[in-house]
There are 2 protein chains.
Amino acid sequence: MFQFTITAKNDRARTGIFTTPHGDLITPVFAPVGTQATVKTLTPEHLKDINATLVLSNTYHLYLRPGDELVRDLGGLHKFMQWQRPMLTDSGGFQVFSLSQTRKINDDGVTFKSHIDGSMHRFTPEKSIAIQENLGADIVMAFDECSDPNDKAYSAIAMDRTHRWAERSLKAHTRPDQALFGIIQGGVQADLRTASAKFIASLDTPGIAIGGLSVGETKQEMHDMLDIVTPLLPENKPRYLMGVGTPEDLINGVLRGIDIFDCVLPTRLARHHSAFAPEGRLNLMNASFARDESPIDETCDCYACKTFTRAYIRHLIVAKELLAGTLLSIHNLRALIRLVEQIRVYIAEGTFESHVPELLKQWHGNAERGKQRVERE
Amino acid sequence: MFQFTITAKNDRARTGIFTTPHGDLITPVFAPVGTQATVKTLTPEHLKDINATLVLSNTYHLYLRPGDELVRDLGGLHKFMQWQRPMLTDSGGFQVFSLSQTRKINDDGVTFKSHIDGSMHRFTPEKSIAIQENLGADIVMAFDECSDPNDKAYSAIAMDRTHRWAERSLKAHTRPDQALFGIIQGGVQADLRTASAKFIASLDTPGIAIGGLSVGETKQEMHDMLDIVTPLLPENKPRYLMGVGTPEDLINGVLRGIDIFDCVLPTRLARHHSAFAPEGRLNLMNASFARDESPIDETCDCYACKTFTRAYIRHLIVAKELLAGTLLSIHNLRALIRLVEQIRVYIAEGTFESHVPELLKQWHGNAERGKQRVERE
């Protein structure tokens, strides 16, 4: 069911095809985030228009609302949100640790308080898998614990727990039409990341995720960890760098052998009036755009850029019209999807590495992802 | 330029074609309202998908933000908001009277305070026309004064002023590619409405608007005024009933010879989670829809109904996801556009009058438009 075929390589960078029950994913791939079974402000038609192929949704959010059993009874997540291409759900671990104010963790699982109504809930590896089986995404995640990357002692404990939980997740998982990925943890500690990569690679899974990055460490630390981890992973499994990232992160990730990315950045920036652009990230609320008749990005093929001026989008923002967020979401997501499409072509041509300096320069002004990333959505 | 050809009649009900520089309008027509140069939450593609043909935008709002001169300099309203089909702007009079807290009116015009920043502005008939010429809609309105319908003395004064302002608007208007409509006022007073209909009908305009209805009077009073007014109007000019209305109002309006309607009701209801439906207006936030796998309306051909369940839309509402408003706006607007499309077929067949009881029954549960209508958007 879940074949991964590498079609071209440039040193560690790869392009390939991952087969899923909802169609082939061409990698590297960037997945828009649809936290609550909707990519904020967009219809599935918009997502098809920008050539989104994989959409992520959040186990924690859907478990709390509308409930995974309801989603199952209504035919699963694909049918519920009317997205017929591949989907991925996370394990809920990250959200339990980042969104829930009260939580008690032990080796068995985590008890936490809902951020919506304060009610108490408990996730274990078995529970996370049961929820994800109810949701029915094509790619699902083992339950994991994301540590503060700079706390070495805690990172070691969380990593060990993540390994035990990966084994239990694998044992609990029953649906052959779902690819369960194990998750590598280990903070920014070289020895922990090495151990975790080896352990997760030893499990019988069709793919491998790398968690606990882009959570407050430096760019250099993230790159160092990827440089340690990916050489230890089997070639024939797709590698998913969770919750990453900026255009720069995508380029640097592919360079280090990553195949799958997801991030809320494009839609979150849209809600804050920001757009990816060749001259650097633009805040379209700025008065300088009031009479700007050019599109957000002359080179972009998205509906927003093909149709509207910056002046119009700026007017929508100033007038607090929601269409602004829709148009900026379309553009920002398309920008990252175009970037991975371009990278795939370069890898197929064998020219990716030689294009990296130019790509990094082109996206330089869009690099920062903000000082803090508290949640995946 | 502005030919109106009646293609079929059923007593007073008519179907026809009004030619404009941006294409033919088949009447009766319902116009979605795009107050600030956007029909809230929808793209122009969505509007084309629901077969919207005419879109209204508000002179008062666009004058204040982004400014009519900016819109003119960027190529006019059609280009600014990328709507290539016919457009209509109102005169700004209604908004000045309903939205502005401070206003001073005399026979020359109105001084008012912006509801956005409290700045002072002045509208005269000449100013309203100048703004509307800058905006560049196909159909524009004479400057008018909308009175409290139950205040007979004030209604008489406002009517007289509206007549003088109509003459001045006509004199000020220079663009041959815009159809300037005069507006009939007169509250709910039979004698005033008679006088106003005769006066406005005597002017050389390609169309006639009826203002000051659906502003707090009863349904019966509105019907009575239409029964007085439309028989006094020339057959060969389209008649526009401003700011109306509910499905029931559309049926009753067409029955009394109205050709053009606009109302914020469909998009406003969408923001309040309400949907037009055969069993009556639904509040989709209701828990009873949590597992409802049917579409909003089985008989509807809109994207929302063809694609999503009530359960999914209810989830979006509860989760405060903006896509809910987009989907409900698509459906509610399509519902009224389908209604006028159906009415046109009945008139062409010569069966409209015999279908009226059934149509009124079908739409009965969707009839109320709320106790108060303070603004057109």
key: A:LEU70 vs. criteria crowded, with 17+ Cβ neighbours inside 10 Å and free of Cβ contacts under 8 Å to residues at least 12 places away in the same chain   = no
ask   = List the pairs whose first member sits in region B:93-110 and is more than 16 Å from B:ILE131 (Cβ to Cβ) and touching a residue at least 24 places away in the same chain (Cβ under 8 Å), whose second member is in a helix (DSSP H, G or I) and open to solvent by 60 Å² or more (accessible area, probe 1.4 Å), and whose Cβ atoms are under 8 Å apart, counting only residues at least 6 apart or on separate chains?
value = B:ASP107/B:ARG164
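Can you work out which of the residues in region B:165-219 that are part of a helix (DSSP H, G or I) and of a type in the set (S, T, N, Q) is nearest to B:ILE129 (Cα to Cα)? Spell out how you get there, then give the answer.
Step one: of region B:165-219, the residues part of a helix (DSSP H, G or I) are B:165-172, B:190-202, B:219.
Now narrow it down to the ones that are of a type in the set (S, T, N, Q): B:169, B:194, B:196, B:202.
Values: B:SER169: 6, B:THR194: 26, B:SER196: 21, B:SER202: 20 Å.
Applying the filter and picking the extreme gives B:SER169.
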request  = From (1) more than 10 Å from every other protein chain (Cβ to nearest Cβ); (2) open to solvent by 10 Å² or more (accessible area, probe 1.4 Å); (3) within 16 Å of B:VAL264 (Cα to Cα), pick out the condition that doesn't hold for B:GLY325.
outcome  = (1)
task = Kindly indicate whether A:ASN332 is open to solvent by less than 10 Å² (accessible area, probe 1.4 Å) and either modelled with pLDDT under 95 or within 14 Å of chain B (Cβ to nearest Cβ) (or both).
result = no
request  = Residue by residue through region A:37-54, note down the ones that are of a type outside the set (A, V, I, L, M, F, W, C) and either more than 20 Å from B:THR43 (Cα to Cα) or within 13 Å of chain B (Cβ to nearest Cβ) (or both).
outcome  = A:THR38, A:LYS40, A:THR41, A:THR43, A:PRO44, A:GLU45, A:HIS46, A:LYS48, A:ASP49, A:THR53
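What about B:LEU54, is it within 18 Å of A:ALA319 (Cα to Cα) and modelled with pLDDT of 95 or more? Even if it seems obvious, please write down each step before you answer.
Working: within 18 Å of A:ALA319 (Cα to Cα): no; modelled with pLDDT of 95 or more: yes.
The answer is no for B:LEU54.
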inquiry  = Within region B:147-164, does at least one residue satisfy the condition of being among the basic types (Lys, Arg), open to solvent by 10 Å² or more (accessible area, probe 1.4 Å) and in a loop (DSSP other than H, G, I, E, B)?
reply    = no
key: Selection count, region B:279-312, where residues are loosely packed, with under 15 Cβ neighbours inside 10 Å, away from chain A (no Cβ under 13 Å), more than 12 Å from B:ILE330 (Cα to Cα) and in contact (Cβ under 8 Å) with a residue 12 or more places away in the chain   = 5
First in region A:14-36 and within 14 Å of chain B (Cβ to nearest Cβ) and open to solvent by 10 Å² or more (accessible area, probe 1.4 Å), second anywhere and among the polar types (S, T, N, Q) and assigned to a loop (DSSP other than H, G, I, E, B), Cβ under 9 Å, 6 or more apart = A:GLN36/A:ASN58
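Given B:THR5, B:THR59, which one is away from chain A (no Cβ under 14 Å) and open to solvent by 10 Å² or more (accessible area, probe 1.4 Å)? Steps first, please.
Details: B:THR59 fails: open to solvent by 10 Å² or more (accessible area, probe 1.4 Å).
It is B:THR5.
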note = Of the candidates B:LEU77, B:LEU88, B:LEU135, B:LEU170, the one satisfying the condition of being more than 30 Å from B:THR43 (Cβ to Cβ) and at pLDDT 95 or above is B:LEU170
task = Collect the residues in region A:228-250 that are more than 25 Å from A:ALA179 (Cα to Cα) and open to solvent by 10 Å² or more (accessible area, probe 1.4 Å), keeping them in residue-number order.
result = A:GLU248
task = Might you check whether a residue that is open to solvent by 20 Å² or more (accessible area, probe 1.4 Å) and at pLDDT 95 or above occurs anywhere in region B:91-103?
result = no
request  = Look through region B:340-377, keep the residues that are at pLDDT below 95 and basic (Lys, Arg), and return whichever of them is farthest from B:LEU62 (Cα to Cα).
outcome  = B:LYS361
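Taking B:GLY212, is it among the small types (Gly, Ala, Ser) and crowded, with 18+ Cβ neighbours inside 10 Å?
Details: among the small types (Gly, Ala, Ser): yes; crowded, with 18+ Cβ neighbours inside 10 Å: yes.
Yes.
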inquiry  = Among the residues in region A:135-143, are any surrounded by fewer than 23 Cβ atoms within 10 Å (Cβ to Cβ) and among the charged types (D, E, K, R)?
reply    = no
request  = Run A:LYS79 past the list (1) within 11 Å of chain B (Cβ to nearest Cβ); (2) open to solvent by 20 Å² or more (accessible area, probe 1.4 Å); (3) closer than 27 Å to A:GLY212 by Cα; (4) not polar (S, T, N, Q) and report the number of the one that doesn't hold.
outcome  = (3)
message = Against the definition (free of Cβ contacts under 8 Å to residues at least 60 places away in the same chain and within 12 Å of chain B (Cβ to nearest Cβ)), how does A:MET120 come out, yes or no?
response = no
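The values are calculated or read from the model by the stated rules, or taken from the named source; none is laboratory data. Treat the numbers as computed from the prediction; the structure is a model and nothing was measured. Every residue, glycine among them, receives a Cβ derived from its backbone with ideal geometry; neighbour counts consider all protein chains shown. For the accessible areas, the whole protein counts, side chains as well, though only heavy atoms, and no ligand, DNA or RNA atoms are used. Shrake-Rupley method; radii C 1.70, N 1.55, O 1.52, S 1.80 Å.
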